[in-house]
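Contents: one structure, followed by commentary.
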Amino acid sequence: MAKENILIVEDEEDLAELVRYNLSREGYLAHVAPTGTSALTLTRTKKPDLILLDLMLPELDGLEVCKRLKADPDYQHIPVVMLTAKGEEADIVTGLEMGADDYITKPFSPRVMLARVRAVLRRRPRQVDDDQETLRIHNLIIHPGRHEVLVDGKPLTLTNTEFRVLHYLARRPGWVFTRYQIVDAVHGEHYAVTDRSVDVQIVGLRKKLGVAGDHIETVRGVGYRFRE
Ligand code: CA
C-alpha cells in the first residue's frame, strides 16, 4: 500500500531535514516547504495527507497558513499538526480553534513526532460515526446510547453536561481541546459560557470519576486532554 504524503512546513533547515529523514525512513513521502507561501503552493501540487506546520515562519505565519487551508473546501479536510515552541499557548489555542488537529511542542523526539503522525492519520476517517460506540478505557466504560458511565463496574451519576464533556474528550484520547471547543461541542454554538464554567464541570467530573479522574489532564494555557 502506498504510504501517505506529508508536507513539512518549517523554516529551520536542520529541523526540517531531521523530520523529513525520519518520515522517509518510515516509508512516508515527505516534502519540505520553508515558507508559508510555499506551503500553500505545495499543498496544491502535492496534495498531502497531513501537514506538519511550524507557526513562526517568514512571509505568512503558520496561523495564517492554517486559516487559509481551513477556509478552502479543497484543503480543509487535510489534518494539520502544529509545530510550536514553548510559550506559544495562545497561538496553540487559536490554531486548534481554527481547525488544526493537534500540536507538538519543540523540541520533540522523532519517536514522539512519528507516533503523533500515525495517530492523526489513523483516526482521520473514523471521526464521523463513532458517536454511539461504547468506549472502554481501562476500568472506565462509557455507553453513549445508554448515557451511562461505569468505573470498576459501578455506575456513576453524572449530570447531562458532565456526561457530554467526558464523552467528548474520551472519544479522542490524546487530543487537546480548548475550553471553547468543549463548550461548543456540549452546548452548541453561541452558548454563553465562560472558561471558568468548563473548569467547574471538569472539577465535578474528576471528583465523581475518582481514580479514573486521572484520565482527564489539564493542559496549561490550552485546555484539556483525555489520557489513556
Ligand atoms: Ca520557525
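Details
- Within the range 1-20, residues that are more than 9 Å from the ligand (Cβ to nearest atom) and modelled with pLDDT of 95 or more reach partners that are open to solvent by 70 Å² or more (accessible area, probe 1.4 Å) and in a loop (DSSP other than H, G, I, E, B) with beta carbons closer than 9 Å, at six or more positions or on different chains, in the pairs ASN5/LYS47.
- Taking the range 1-107 and the strands (runs of 3 or more DSSP E) fully enclosed by it, the elements with 2 or more residues that are under 19 Å from the mean Cα position of the chain (by Cα) are at 5-9, 50-54, 80-84, 102-105.
- Evaluation of LEU69 against the conditions (1) at positive phi; (2) buried (at least 18 other Cβ atoms within 10 Å of the Cβ) shows that the sole unmet condition is (1).
- Qualifying residue in the range 108-123 (condition: within 21 Å of ARG227 (Cβ to Cβ), part of a loop (DSSP other than H, G, I, E, B), at pLDDT 90 or above and of a type outside the set (S, T, N, Q)): yes
- The residue pairs whose first member lies in the range 159-183 and is surrounded by 18 or more Cβ atoms within 10 Å (Cβ to Cβ), whose second member is aromatic (Phe, Trp, Tyr) and assigned to a helix (DSSP H, G or I), and whose beta carbons are closer than 9 Å, counting only pairs six or more residues apart or on different chains, are PHE177/TYR168; GLN181/TYR168; ILE182/TYR168.
- When PRO79 is tested against the conditions (1) without any contact (Cβ under 8 Å) to a residue 12 or more places away in the chain; (2) more than 15 Å from the ligand (Cβ to nearest atom), the lone failure is (1).
- A residue that is surrounded by 16 or more Cβ atoms within 10 Å (Cβ to Cβ) and within 13 Å of the ligand (Cβ to nearest atom) can be found somewhere in the range 25-33.
- Just so you know, in the range 204-214 the residues that are open to solvent by 20 Å² or more (accessible area, probe 1.4 Å) and under 22 Å from the mean Cα position of the chain (by Cα) include one that is farthest from ARG179 (Cα to Cα), and it is ASP214.
- Residue check for GLU133: open to solvent by 60 Å² or more (accessible area, probe 1.4 Å) and within 15 Å of the chain's Cα centre (by Cα): no
- Here THR84 passes the criteria (1) on the phi < 0 side of the Ramachandran plot; (2) open to solvent by 30 Å² or more (accessible area, probe 1.4 Å) except the one numbered (2).
- Selection count where residues are open to solvent by 60 Å² or more (accessible area, probe 1.4 Å) and either hydroxyl-bearing (Ser, Thr, Tyr) or more than 9 Å from the ligand (Cβ to nearest atom) (or both), scope the range 47-60: 2
The values are calculated or read from the model by the stated rules, or taken from the named source; none is laboratory data. Everything quoted here is computed from the prediction, not taken from an experiment. Counting neighbours? That spans all protein chains shown, and the Cβs are built from the backbone with ideal geometry, glycine included. The area values use the complete protein model at the heavy-atom level, side chains included, leaving out ligands, DNA and RNA. Shrake-Rupley method; radii C 1.70, N 1.55, O 1.52, S 1.80 Å.
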